Structure formats: C-alpha cells, structure tokens
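Quick notes on the structure that follows.
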Amino acid sequence: AFVVLFVSIFIIYNTFAIVLGQRIREIGLLRAIGANTAQLRRSIILESVLVGIVASLIGLAAGIGIAEGLIALFGAIGAELPDSPTILATRTIVFAFALGVGVTMISAIAPARHASSISPIQALRDGSAMSDGQSGRRLGIGLAGLVTGLALGAFGLFVGTGSTLGTILVLGVAASSIFLGAALAAPAVARPITTVTGW
C-alpha cells in the first residue's frame, strides 16, 4: 500500500506538471488580465481537489468491484472464501477520500507554485515551456540520491543489519532513494537521451 501511495504521488505530480505545461499560455493570459499568483494557485489546487474527489469515487467503486471479482475467482479455482458480505464501513470511505484527495492536492502544490510564478510575458511567448532553470541542481541532487540508494541497497543485500526488520527498512529507504534520485535526474538527462534515440 505504501509503495502504491509513494509511486502514485509521483505519477500525479508528473501529470499535473505536464497538464500545466500545456496550459502555460492560458495561465499567462490570466496573469495578463489581472489574476495574481495566489488566485492561480488556489484555482489549480481547487482543480486538484475536484480531480481527487472524482478519482476517489472511481477508486472506491473499483475496489469493491475488484474484491467481488477476487471472491468469484477464488470460488472458480475451488478455494472458497468464507461466505460473508463485503463490509464497507464509514471509516473506510472517509479514509479513502481523505487519502485520495490529500495525495492529489499535495502532488499538485509544486506544479501549481511553479506555473503561477512564471511571468505573463514569458508564458504568452510562443514556444514557452515550464522550466525550473535548476537542471544542474536537480541533476546533482538526483545523482546523490541514486548513489545513496545504491550504497544502501548493496549494504542491505550483502551486509545486512543483523535483523530482518532492519534489513527490510534499509532496503525500503534504498529503493525510495533510487526512485527519488531517478525522478530528479531524469529531466536533466532527457534531452541527450532523446537526441541519441532520435539518431
């Protein structure tokens, strides 16, 4: 569950970054006619909340459907599960919506801040794109995360901590560090990689 949550945050973050990048001229036009950065940020965050609500509704319904499907599948292969109704407690619904809306909103904060900080002239200019101008810093932090994650992973796999739980925690931190490092370093190396791939 935590792995899914961790990966979902990055997927949602990247989705909002791409969507806002495609709407950069619209954002520039809103800035040009008087919208301030706070108003733009609020509108983007509100949009993320609405997306989170819809996604949570779909996810909750899909979860119930998947549960019923698994029960039918186990029955079909002869591994009958205990015959009991699907329990859908109020706390489950509240938790699903809090988590779905919360993760979506948190993931949209950074793209919203960056999109709203671009000047109207820059946003309205043809070919303008969202660029944080910190590719060198991102690459450095990303490579540091990758190296740290690989070192921790090697330690967890070949040395260990003496306890199963400790080793699992070290490997979990290593995997998270590698994932974060790759996510941060990827934009900085995307252009040369795509150039080579294009050849």
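The values are calculated or read from the model by the stated rules, or taken from the named source; none is laboratory data. Quick caveat, the model's predicted, so the values are computed rather than measured. All Cβ positions, even for glycine, are placed from backbone atoms using ideal geometry, and neighbour counts span all protein chains on display. For accessibility, only protein heavy atoms count, side chains too; no ligands or nucleic acids. Shrake-Rupley method; radii C 1.70, N 1.55, O 1.52, S 1.80 Å.
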**Asked** Are any residues in region 38-49 open to solvent by 50 Å² or more (accessible area, probe 1.4 Å) and more than 18 Å from the chain's Cα centre (by Cα), and if so, which ones?
**Response** Gln39, Arg41, Arg42, Ser43
**Message:** So, restricting to helices (runs of 4 or more DSSP H) that lie completely within region 1-108, which ones have at least 2 residues that are closer than 30 Å to Val173 by Cβ?
**Reply:** 2-22, 37-76
**Fill in**
Taking region 181-199 and the residues there that are hydroxyl-bearing (Ser, Thr, Tyr) and open to solvent by 70 Å² or more (accessible area, probe 1.4 Å), the one that is farthest from the chain's Cα centre (by Cα) would be Thr197
**Asked** Quick one: in region 50-73, which of the residues that are surrounded by 15 or more Cβ atoms within 10 Å (Cβ to Cβ) and of a type in the set (Val, Ile, Thr) is nearest to the chain's Cα centre (by Cα)?
**Response** Val51
